[in-house]
Amino acid sequence: MKQIYFFNEGNRDMRTLLGGKGANLAEMTQLGLPVPSGFTITTEVCHAFQANHGELPAGLMTELKASLIELEKRADKKFNDPENPLLVSVRSGAPISMPGMMDTILNLGLNDQTVQGLAKLTNNERFAWDCYRRLIQMFGNVVFQIPEQRFEKELSAVKADRHATSDLDLTTDDLKEIVKRYHNVYLEEINRPFPQSATEQLTEAISAVFTSWNNDRAIVYRELHHISETLGTAVNVQMMAFGNSGDDSGTGVAFSRSPVTGENRLFGEFLKNAQGEDVVSGVRTPKPIQELADEEPEIYEQFRAITEQLEQHYHDMQDVEFTIEHGKLFLLQTRDGKRTPKAAVKVAVDQVKEGLINKEQALLRIDPEQISQLLHPEFTAEQLKTKDVLATGLPASPGAASGEIQITAAAAKAANDAGHKVVLVRQDTSPEDISGMIASSAIVTSRGGMTSHAAVVARGMGTCGVVGCAALNVSEEDQCVYVGDQKLPVGTVISVDGTTGNLYVGEIEADSAAHDENLQQILDWAKEAGEVAVYANADTPADFEQALRFEAAGIGLTRTEHMFFAPERLIEMRRLIVAKTAEDRKPALAALKEMQTEDFKALYRLAEGKTVTVRLLDPPLHEFLPHDEKELNETAADLQVPVEDLRKRVVALKEVNPMLGLRGSRLAVTMPDVYAMQVDAIISAAFALQDEHILVKPHIMLPLIASKIEMEVLRNRISDQIDAACEEVGRELHYQVGTMIELPRACIEADGIAENADFFSFGTNDLTQLTFGYSRDDIGQFLPAYLEKGLLPADPFNTLDQTGVGELMEMAVTRGREEKHSLPIGVCGEVGGDPSSMQFFDRIGIDYVSCSPFRVPVALLASAQAAL
Ligand code: ADP
Ligand code: MG
Ligand code: MG
């Protein structure tokens, strides 16, 4: 088995074996781009290493030795050669990009002798010692887990001693002093010296990269992004290009388009006379790449042309790392760039227009969940008018949020666990902070640029973020953040606007997202491509308007009970429930009918002929009754009935298990006039709209139907009522009467029920509750334990349980359509908006899903992806 591939032996299709970084370095080499020579040790070696309990597999050494000889030949330098030393970087790279998660070692091959050779060779002693001190520091940290701060402490001490403000102020002698101190750190911390042999450095580094596959932050990252543990990482060994060789050198990172807005122009940063992590670590604040155009126009143009070539080649926006050594450009990495949801839709739409990709590729490229972030709130100009800006940083990740200040990842996580909304404010962030960043509603740093760790991670998570906010001074010692002479103690609530980079003191309520043309375009394409239509669950005209803006096909579920909780309605509802006879109920019913008619008119008017599915009253009646003594007294007074009478009624309606009690269509059996009133209101509303020449398609849905006979009786009653009303005034009305399928029994007798149903709509919430026997309201008691022990793959109320509940659904679809070939079937439970269930819905022949308005775009895209 071949364990090592030179870059010119691989290509981009080999990412499973070579990792993403290695495969793309190979591809760029094949394209003839200036990539420093090197080779990749495969992910298979990582597997062998793990299986071998952390020992490099036999045979690797022989292959490694041969590869080194070949690399020496290509570089015309030699490992351990004091005159002309070969220096390399050792870089991890998994098949799926895991930014910042694994560790990289630069300048490997330097030791007390070769550092002098490098100095002589480059005629730059300071540079050589700077490389050496970086190597010792990175190597100690990555290979021996010596804490970063141990080295930082020595560095700071020397800097303070020499009154140096920046690393660049340090002289050669200062650097030599630092190296001396670093050597001592090894002796103090691990009781052994820094290894002088380049070969030993290399094998130790390779083992460390393989080991780092299982470090804590890599594990957290993989969990967060659902990346398999079994992939493993490759190791890339590559000749160094030196960005720290002087003012004609530098290093940087750039995207071929803006990863924030999607705008089609080079976006990135660079630092002169710097190496590797200097740019992304946020330790020095880099310059915008456009300044390179002024300073080094030829190199800028060469680089710009290469990013364009890479985009054309990969058919996607690229994120490119580069280094300039004495005016010569080298490429060190390319990958598909991570981007904000806003940028994702813009880039996809633009690239279709440019002919780079087709519509299908555009639709497949956007993560449906990402779209939901696009719809996330912003602070409006109106809200900000009265606010003073506290400070401004770089707008690294859009969105808007408020929360209390926390200044460490651990405190952020703890505060969030305690139920607080948190804004994590730090000087900069590093991969160790990942769990605190996940727990935060917003992330703010005082240092670093648009490609700093904080910025990249915030964008990836869709969390709003502001970086490089230099006015902030974070003090762990004083447990506060200073802004000028203003002191904000930990716990102070601030608001973060990731779109402008502004910070504000205090809470600001965020407003729903503004219109995005590119999203609209994507939704239009999705609608054409999708086979499962998307309707909205909407109880109010405002909900429905929102849903229509998101291209909902109509209303799949209006829960009429939600219309009864407004105070002026609740009292009539209570009057109705308290009444003893049908006669006594009449005045309340008349009042309610009036209000319901107006509700339905408003929805029908907005629908302009689209389907509006109204579900008749579903919940147990006692939900409408007073819950405590105070409310009881007030209600009795309002209704002008004796308190005792009301109390008796409340007691009489009390049920041991209301969710399995007098609710849904059972209400129609015991109290027929309630549903009759609702149907009456639907008829009146429909007739009124007909008078306005607006098309109406009322769909009436019966909840909680269990059997064929129940459906038959209730359906006929509704049809008779509507037909009689139509006949009386000589009109026609195109209506449908269907049912929710939400009891396991209904799935079994779906054929019988279908005889009298014009449509089915799965109520997956109740169906899941009743199939598992899990009370929706009490699942919190045991769900976490089930998830943790692996007894459930996911919360079945969020992600459809395909093997159990899904099987029942499939049975109901088959049986229902045996009876009625073209029976329309939908899903209106919570999982209707879950992208991961969409493929299943598509497969079993679901015609439409219905979900909350903000999930509509997500479901539209998921539907298109399921069909493609
Ligand atoms: P990550 O996966 O964290 O991005 P990389 O392996 O890309 O880590 O290395 C981090 C940085 O180190 C790169 O962006 C680059 O600036 C620098 N680097 C890596 N290899 C080399 C090399 N051969 N020459 C110069 N710089 C290098
Ligand atoms: Mg990199
Ligand atoms: Mg239900």
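Once you reduce the range 726-777 and the range 203-228 to the center of their Cα atoms, the two points are 50 Å from each other. Each Cα pair under 8 Å and six or more residues apart adds its sequence gap; the mean of these over the residue count of the chain is a relative contact order of 9 percent. In a simple Cβ point-charge model (Lys, Arg +1; Asp, Glu -1; nothing else charged), the range 4-242 has a dipole of about 240 debye relative to its Cα centre.
For a paramagnetic label modelled on ASP417 (point 7 Å from Cα along Cα→Cβ), amide N atoms under 12 Å away belong, within the range 430-446, to 436.
Site pair MET659 and THR803 shows an inter-label distance of 2.3 nm when each label is modelled 7 Å from Cα along Cα→Cβ.
If I take R0 = 45 Å and measure r between the Cβ atoms of LYS527 and VAL669 in this structure, what FRET efficiency does the formula 1/(1 + (r/R0)^6) give, to the nearest 0.05? Efficiency computed from Cβ-Cβ geometry: 0.65.
Spatially close Lys pairs in the range 16-160, defined by Cα atoms under 20 Å apart and a spacing of eight or more places or different chains, total 5. Overall, the anisotropy analysis places the range 331-375 in the oblate class: the square-rooted eigenvalues a ≥ b ≥ c of its C-alpha gyration tensor yield a/c not less than 1.5, with a/b not exceeding b/c.
In a reduced charge model with +1 at each Lys and Arg Cβ and -1 at each Asp and Glu Cβ, the chain shows a dipole moment near 900 debye about its Cα centre.
Computed from Cα positions, the angle between helix 643-653 and the longest principal axis of the chain comes to roughly 70 degrees.
Within the range 194-283, which trypsin sites (Lys or Arg not before Pro) sit in a loop by DSSP and count at most 14 neighbouring Cβ atoms inside 10 Å?
Of the trypsin sites (Lys or Arg not before Pro), the ones in loops of the range 194-283 whose Cβ has at most 14 other Cβ atoms within 10 Å are ARG265.
For the chain, what does the alpha-carbon gyration tensor say about shape, rounded, prolate or oblate, given a ≥ b ≥ c as the root eigenvalues, a/c under 1.5 as rounded, and a/b over b/c as prolate? Prolate. Charges were assigned to the Cβ only: +1 to each Lys and Arg, -1 to each Asp and Glu. The resulting dipole of the range 73-141 about its Cα centre is roughly 160 debye.
Around GLY403, under 10 Å between beta carbons, what's the net of Lys plus Arg minus Asp minus Glu among the other residues?
-1
For the pair ALA58 and ILE709, what calculated FRET efficiency results from E = 1/(1 + (r/R0)^6), where r is the Cβ-Cβ distance and R0 = 60 Å, to the nearest 0.05?
0.20
Here's the picture: charge each Lys and Arg Cβ at +1 and each Asp and Glu Cβ at -1 in the range 1-111, and of ALA75, ALA26, VAL45 the one pushed furthest to the positive end of that dipole is ALA26.
Putting +1 on Lys and Arg Cβ atoms and -1 on Asp and Glu Cβ atoms, find which of LEU64, GLN113, PHE127 reaches farthest to the positive end of the dipole of the range 4-242. In the range 4-242, that residue is PHE127.
The angle separating the long axis of helix 856-867 from the principal Cα axis of greatest extent in the chain is about 70 degrees. Within the shell defined by Cβ-Cβ distances under 12 Å, the residues around SER475 carry a net charge of -1, with Lys and Arg each +1 and Asp and Glu each -1. Annotation note: trypsin sites (Lys or Arg not before Pro) in the range 644-750 located in DSSP loop regions with a Cβ neighbour count of at most 15 within 10 Å are LYS654, ARG731. Most simply put, the chain has about 60% antiparallel DSSP beta bridges, counting only bridges with both residues inside it. You can think of it this way: the chain between GLU148 and LYS180 has 9.9 nm of extra reach, that is 0.36 nm per residue less the Cα-Cα gap. Of the residues GLN427, GLY491, ILE443, the one whose Cα sits farthest toward the positive end of the charge dipole of the range 376-505, with +1 on the Cβ of Lys and Arg and -1 on the Cβ of Asp and Glu, is ILE443.
On the principal axes of its alpha carbon atoms, the range 116-227 extends 47, 32, 28 Å, with the longest extent given first.
Only DSSP H runs of four or more residues enter the estimate; each adds -39500 (n - 2.57), and after division by the residues of the chain the mean residue ellipticity at 222 nm equals -14000 deg cm²/dmol.
Look at the Cα gyration tensor of the range 217-287: its axes a ≥ b ≥ c give a/c of at least 1.5 with a/b at or below b/c, and that counts as oblate.
Relative to the longest principal axis of the Cα atoms of the chain, the long axis of helix 835-844 lies at roughly 60 degrees. Label sites at ALA785 and GLU291, each approximated as a point 7 angstrom past Cα along Cα to Cβ, lie 5.9 nm apart. Remark on the range 643-724: hydrodynamic radius 15.0 angstrom, per the Kirkwood mean of 1/r across alpha carbon pairs. Annotation: the range 448-508 has a Kirkwood hydrodynamic radius of 12.6 angstrom, from the mean reciprocal C-alpha pair distance.
Distance between the C-alpha centres of the range 501-535 and the range 356-409: 11 Å, rounded to the whole angstrom. If you find the alpha carbon centre of the range 828-854 and of the range 556-615, how far apart are they in angstrom? If you average the Cα positions of each part, the centres end up 28 Å apart.
Here LYS527 is the anchor, and the lysines within straight C-alpha reach of less than 16 Å, apart from those fewer than 8 places off in the same chain, are LYS359, LYS610. For the range 376-505, the number of Lys pairs separated by eight or more positions or lying on different chains, with C-alpha atoms closer than 22 Å, is 4. Name the trypsin sites (Lys or Arg not before Pro) in the range 364-408 that are in a loop by DSSP and that have at most 11 other C-beta atoms within 10 Å, would you? Counting only loop positions with at most 11 other Cβ atoms within 10 Å, the trypsin sites (Lys or Arg not before Pro) in the range 364-408 are LYS385. Within the shell of other residues whose beta carbon sits under 14 angstrom from the beta carbon of ASP645, the net charge comes to +3, with Lys and Arg scored +1 and Asp and Glu -1.
Whats the longest run of the chain with zero chymotrypsin sites (Phe, Trp or Tyr not before Pro) that are DSSP loop and have at most 15 other Cβ atoms within 10 Å? By the stated rule (loop sites, at most 15 other Cβ atoms within 10 Å), 1-564. Label zone (ARG605, point 7 Å along Cα-to-C-beta; backbone nitrogen cut-off 17 Å) within the range 665-683: 682-683. In this label model, SER228 and GLU623 are separated by 4.4 nm, measuring between points 7 Å along each Cα→Cβ vector.
Read the figures in this text as sums done on the coordinates, not as results from a lab. Because the structure is predicted, anything quoted here is derived from the model rather than measured. A quick note on method: Cβ atoms are made from the backbone with ideal geometry, for glycine too, and the neighbour counts reach across all protein chains shown.
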